[in-house]
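Enquirer: Have a look at the structure that comes next, please.
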Number of protein chains: 2
Amino acid sequence: MARTQDLISNRVDWVLAGEDTLSDAMRYALTGGKMLRGFLVLESARLHGVDEQVALDAALAIECLHAYSLVHDDLPCMDNDDLRRGMPTLHRQWDEGLAVLAGDALQSLAFELLADAKFGPHALDLIRALAQAAGKEGMVSGQMLDIAAESSPEPLTLAQIIQLQSRKTGCLISWSAMAGAVIAGADTTPLRHYADALGLAFQIADDILDVEGDAETVGKRVRKDAAAGKATFVSLLGLEAAKARAVELCDQACAALDVYGDQGDTLREAARFVISRDS
Amino acid sequence: MARTQDLISNRVDWVLAGEDTLSDAMRYALTGGKMLRGFLVLESARLHGVDEQVALDAALAIECLHAYSLVHDDLPCMDNDDLRRGMPTLHRQWDEGLAVLAGDALQSLAFELLADAKFGPHALDLIRALAQAAGKEGMVSGQMLDIAAESSPEPLTLAQIIQLQSRKTGCLISWSAMAGAVIAGADTTPLRHYADALGLAFQIADDILDVEGDAETVGKRVRKDAAAGKATFVSLLGLEAAKARAVELCDQACAALDVYGDQGDTLREAARFVISRDS
């Protein structure tokens, strides 16, 4: 994924060239991530013969959308986190007002990047899918479920956690993995199945990291789920069963790529990375 | 504008039919406004022969975008307002976390509504223009200038206030007035000139209302600019000269519509409404 990070970071410097505080804050929010979603876009595009320079702006768009969601989630009125990607969260580095605005502008920028004729006849499909993945039926509704769970006297069931996860993080991961097929007007089914398994594996790995990782390596606060008495895949399944489930999902994700043969190997590696990562 | 309000409110009930808290909050944010921007979209569409049912979703999109900006601007970390459109602001009615999320989902919804084939071959132009009007070079940058002005030892000059206004409110008003021409692929120049004058007149009227209005009628806190020692059109020009300038801009806005003949009369009335409104 190092190459994806270089490609996207260079494009960020081009798109966000301003020397004003808002541009600084937006660039800051786009710095230091794994860029898994951008990587999925570029791989999905490669599998469908979409030009990399075209796909790059879709990759940057999803990273903008993801970055905005992290900046807003970290706000004191939400998760109130001080550390993100090993750096102070945006509202700690500057202030809350700027964090709200930089997040807002990052969401606008995501759609601005996609509203380009270079995406061809399926550009509107790409935009509509992102708006749906991000909005009231997607990511934001997942965040709503997450907040509701915190004040609920009953811990969530496994089915509820799966639903929460599939909205909060799954929707954007699915959009990313399918983007190349959408741009090419190809069948999105194999990549949707891949992304469904990958998204769930990703969240289980996140829950495991919260238990086993240290904040310095992970780059954000850990042990916070247990401290908040929150039900997670680990609290419900136990650590070993959670790890086994992540491996199983990784295998499912890899199998969903059969139709791509060897060409799917990079996405298979990404699935294995997701469950073995330490940050 | 009563008919526009009915049309858009009915469409809101259709698009946001959920009975969950997030849908409630989004509907709340879309309630009670003048819907000037939506009105401009519908009139602009009528002038260019665009079907009203098509234009209606563009009108709703700009009202979603505008509503999101108000919800976020009212937050304690921004303007910290308790009253909006004569009702408690969203974070007072519910809480700050929901206000952040409802605003975020309203922005997504605006783009979801526009990402539709019914807008024809210029749909991408419409989306790109909205993303630019909303984002780092548009509305958000205007809000940044506004925040910077508050902590600056020097009050703003007239030229700086005009720049701030043109970004903070002017960009969305321009998008609204031009939307019909954009959808029809027609020349947007007359409507851009109309909107430039209208947007400035609108802000001057707002500054006058802050001095002359009462909170109950205006529907939001008044006298806040003077209390904050903020430079406004009224503080810089004086009340009478500000009123004269608003009338002059209204005349300019009306004159910009010459090319539309009598067909432009409803937009001319809207310009006169903008400078004579009491809320």
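Enquirer: By its C-alpha gyration tensor, with a ≥ b ≥ c as the square roots of the eigenvalues, how is region B:1-157 shaped: rounded for a/c under 1.5, else prolate for a/b larger than b/c, else oblate?
Expert: Oblate is the answer for region B:1-157, as a/c is 1.5 or above yet b/c matches or exceeds a/b.
Enquirer: Using a 1.4 Å probe over the heavy atoms of the protein chains, calculate the carbon and sulfur portion of the accessible area of the protein assembly as shown as a whole percent.
Expert: Working: 11020 of 22060 Å².
Carbon with sulfur: 50 percent of the solvent-accessible area.
Enquirer: Rounded to the nearest 10 Å², what accessible area does residue B:161 have for a 1.4 Å probe in the complete protein model?
Expert: Answer for residue B:161: close to 10 Å² accessible.
Enquirer: 5 Å is the cut-off here: which amide hydrogens, built 1.01 Å from N in the peptide plane, fall below it relative to residue B:83, excluding neighbours closer than 5 in sequence?
Expert: HN-HN under 5 Å from residue B:83: B:89, B:221.
Enquirer: Which three lengths, in whole Å and largest first, does the protein assembly as shown cover when its Cα atoms are put on their principal axes?
Expert: 75, 46, 44
Enquirer: Let me check something: with ligands and nucleic acids excluded, how do B:50, B:247 order by accessible area (1.4 Å probe), largest to smallest?
Expert: B:247, B:50
Enquirer: Using heavy-atom solvent-accessible surface (probe 1.4 Å) with all chains present, what is the largest-first order of B:43, A:269, A:19?
Expert: Output order, biggest surface exposure first: A:19, A:269, B:43.
Enquirer: Separate question: Stick to the Cα atoms of region A:1-66, pair each with every other, and give me the Kirkwood hydrodynamic radius in Å at one decimal.
Expert: Computed over region A:1-66, the radius equals 12.0 Å.
Enquirer: Also, quick follow-up: May I ask you to report, in nm to one decimal and beginning with the shortest, the distances from residue B:211 to the same position in the other copies, taking label points 7 Å along Cα-to-Cβ?
Expert: In ascending order, 6.6 nm.
Enquirer: Sort B:14, A:94, A:175 from largest to smallest accessible area, using a 1.4 Å probe on the heavy atoms of the protein chains. Walk me through the numbers before you get to the answer.
Expert: Details: B:14 190, A:94 85, A:175 15 Å².
Order by accessible area, largest first: B:14, A:94, A:175.
Enquirer: Spelling out what I want: for every residue of region A:268-274, take phi, set θ = phi - 60°, compute 6.51 cos²θ - 1.76 cosθ + 1.60 (Karplus), and round to whole Hz; glycine and proline get x.
Expert: 5, 4, 4, 5, 5, 4, 4
Enquirer: First obtain the Kirkwood hydrodynamic radius of region B:82-239 from its Cα pairs, then insert it into the Stokes-Einstein equation at 25 °C and 0.890 mPa s, and state the resulting D in µm² per second as a whole number.
Expert: 140
Enquirer: Next up: Could you give, in nm with one decimal, how far residue B:51 is from each other copy of that position, shortest first, with labels 7 Å out from Cα toward Cβ?
Expert: In nanometres, ordered from closest: 3.3.
Enquirer: At a probe radius of 1.4 Å, what is the per-residue accessible area of residue B:258, in Å² to the nearest 10?
Expert: Residue B:258 has an accessible surface of roughly 110 Å² with all protein chains in place.
Enquirer: Oh, and also: Which pairs, out of B:34/B:118; B:136/B:220; B:34/B:168; A:136/B:136; A:118/B:168, put more than 21 Å between their alpha-carbon atoms? Provide the component values of the computation, followed by the final result.
Expert: Working: B:34/B:118 26 Å; B:136/B:220 26 Å; B:34/B:168 18 Å; A:136/B:136 23 Å; A:118/B:168 30 Å.
Checking Cα-Cα distances, B:34/B:118; B:136/B:220; A:136/B:136; A:118/B:168 exceed 21 Å.
Enquirer: Here's another thing I want to ask about it. Using only the Cα atoms, work out Rg/Rh for region B:2-276, with Rh taken as the Kirkwood radius, to two decimals.
Expert: Numbers: Rg = 18.0 Å, Rh = 19.0 Å.
For region B:2-276, the value is 0.95.
Enquirer: What does the accessible area per residue of region A:138-279 come to in Å², with a 1.4 Å probe and no ligands, DNA or RNA counted?
Expert: It amounts to 44 Å² per residue over region A:138-279.
Enquirer: Between region B:62-86 and region B:107-182, what's the alpha-carbon centroid distance in Å?
Expert: That distance is 15 Å.
Enquirer: Something else about it: For residue A:238, place a label point 7 Å out from Cα along the Cα→Cβ vector, do the same in each other copy, and report the separations in nm, one decimal, smallest first.
Expert: 8.4
Enquirer: Nearest 100 Å² is fine: what is the total accessible surface buried where chains A and B meet, probe 1.4 Å? Numbers along the way, then the final one.
Expert: Working: alone 12630 and 12620 Å², together 22060 Å².
Its buried surface, counting both partners, is about 3200 Å².
Enquirer: Also: May I ask you to list the aspartates and glutamates whose Cα is less than 12 Å away from that of residue A:243, ignoring any residue fewer than eight positions away on the same chain?
Expert: A:206, A:207, A:212
Enquirer: Quickly estimate the mean residue ellipticity at 222 nm for the protein assembly as shown, helices only: each DSSP H run with n ≥ 4 gives -39500 (n - 2.57), and the total goes over all residues, rounded to 500.
Expert: Helix-only estimate at 222 nm: -21500 deg cm²/dmol.
Enquirer: Taking only protein heavy atoms into account and a 1.4 Å probe, give the accessible area per residue of region A:31-131 in Å².
Expert: The answer is 28 Å² per residue.
Enquirer: Using a 1.4 Å probe, how large is the accessible area of residue B:12, given in Å² and rounded to the nearest 10?
Expert: 10
Enquirer: Region A:1-37 to region A:225-250: how many Å between their Cα centroids?
Expert: 32
The values are calculated or read from the model by the stated rules, or taken from the named source; none is laboratory data. All values reported here derive from a predicted model rather than from experimental measurement. In this analysis, Cβ positions are derived from the backbone assuming ideal geometry, glycine residues included, and neighbour counts consider all displayed protein chains. All accessible areas refer to the heavy atoms of the entire protein, side chains included, with ligands and DNA or RNA removed. Shrake-Rupley method; radii C 1.70, N 1.55, O 1.52, S 1.80 Å.
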